[in-house]
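Participant: Right, I'll just put the structure down here and ask away after.
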């Protein structure tokens, strides 16, 4: 009995193995579906769904070479009997997103080939016309041949010059298109990842794979209402991915990069010993490299390598955990590396608009929005700024540290200031000390049609040497604020067309044989 069952089992195993080896990755790859994408500052994790396994549970699929073979992981491992992952070379392949560009390159190549063929034909004709005269022509026929040849040579010469210019232009255009095509080609375009296996389940399988060819950054569109201080914020993710696979649907954007391996923190003992004498002779090569240790890692430990438009949702869906802050959005990204915007949401922030003038740094006053706290939805990133609907520039929103937030929104071009230094007076006292009398005037002018309140900031020196003493002899008007570093601030209201003046005078005393140095 056993002698009959054993050959049958061997036969069945061989059939399953052969079927597994013959599984066509391309057929299963056609049914491959991208369900979700997690994007990181550098890289992305794709969640895929396979097609239905074969009758015996066998399956095969192909991933572009942009994915890391070691990152392919099936979510329900109990459903997979065995999996084999191989990296193989692939023939020339054009991603769907690059197909129009490839067709344009092919068309221009054909046009250039025709131009060069015409150029070659004219050059051959010119060579014949400039060659030896025909032996069977004589007399009047020979003169007619020579005159007609000269006419043709003149016309062909002009044609060759024109053709050369056209060919040169067409070649440059073709080179530019070729460079763009190569730049937008997926990473690892010459390879594919073949995944074959067998499943105990009859339904589709879920698996994920990581690619280093992706990334994203936060962008905010901020518009400040200078009258009310209300800031309208629209947040988007500017993302890209170069896998060759177009992805559309829901994306999760993570602000932190994941690690393949994490080493537990440890405080090592701090030991002290007597320093050994330095040897006089230089160490040999073997001695220098004896203590070095090679480090090898497996794929699991390997370090990570560093657009359809939809309406804004009401508010960004931000998820904060101890290890990460992420936000979700719906949109689409082509697989050719083209930047795409995925709208994340919009919200409002209430601020107090402040005009700040620092005449020493700028003639124009800054427009600053002051906030007591930063909303959770305001992720660190680049902000494109506007005041009352007019673009004013770009800024950077950093990580919030809990302190009141001050966002610069550009310059008030018609609220100007000028700083005029005094002529310095130097001398010495009867005690032999050096004396420096110095100061400046500030003039604040309001060229606007409405009254404006602003903060003017400047400073007087602060001594960092006990031998230098400072005496402020005059400050008019009295500053609203003066801190320990002698930074001054005046809160003032300036009427339309009015110019307000500030005067600051001070005196420095120091050893007469020394020189002052400002830092």
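Participant: Which of (1) over 48 Å from the mean Cα position of the chain (by Cα); (2) surrounded by fewer than 17 Cβ atoms within 10 Å (Cβ to Cβ); (3) assigned to a strand (DSSP E or B) is the odd one out, the single condition residue 420 does not satisfy?
Facilitator: Here residue 420 meets the rest and fails (1).
Participant: Among 164, 103, which is modelled with pLDDT of 80 or more, surrounded by 10 or more Cβ atoms within 10 Å (Cβ to Cβ), within 30 Å of residue 64 (Cβ to Cβ) and not assigned by TED's automatic domain parsing to the domain that holds residue 59? So that I can check it myself, show each step before the final result.
Facilitator: On the way: 164 fails: within 30 Å of residue 64 (Cβ to Cβ).
Checking each option against the conditions leaves just 103.
Participant: Just to check your reading of the model, which residue among 398, 389 is at pLDDT 90 or above and surrounded by fewer than 11 Cβ atoms within 10 Å (Cβ to Cβ)?
Facilitator: Details: 398 fails: at pLDDT 90 or above.
Result of the check over 398, 389: 389.
Participant: I need a count of the residues in segment 431-452 that are in a strand (DSSP E or B), over 19 Å from residue 361 (Cα atoms) and under 42 Å from the mean Cα position of the chain (by Cα).
Facilitator: Total satisfying the criteria: 1.
Participant: Just the residues that are surrounded by 15 or more Cβ atoms within 10 Å (Cβ to Cβ) and under 23 Å from residue 326 (Cβ atoms), please, taken from segment 361-375.
Facilitator: 374, 375, listed by residue number.
Participant: Going by the conditions given, is residue 174 assigned by TED's automatic domain parsing to the domain that holds residue 124 and either surrounded by 13 or more Cβ atoms within 10 Å (Cβ to Cβ) or in contact with a strand residue (DSSP E or B) (Cβ under 9 Å, 6 or more places away or on another chain) (or both)? Walk me through how you get there before you give the answer.
Facilitator: Numbers: assigned by TED's automatic domain parsing to the domain that holds residue 124: yes; either surrounded by 13 or more Cβ atoms within 10 Å (Cβ to Cβ) or in contact with a strand residue (DSSP E or B) (Cβ under 9 Å, 6 or more places away or on another chain) (or both): yes.
Yes; evaluated as a whole, the condition is true for this residue.
The values are calculated or read from the model by the stated rules, or taken from the named source; none is laboratory data. Since this is a predicted model, take the numbers as computed values, not measurements. Methodologically, a virtual Cβ is constructed for each residue, glycine included, from the backbone with ideal geometry; neighbour enumeration extends over all protein chains shown.
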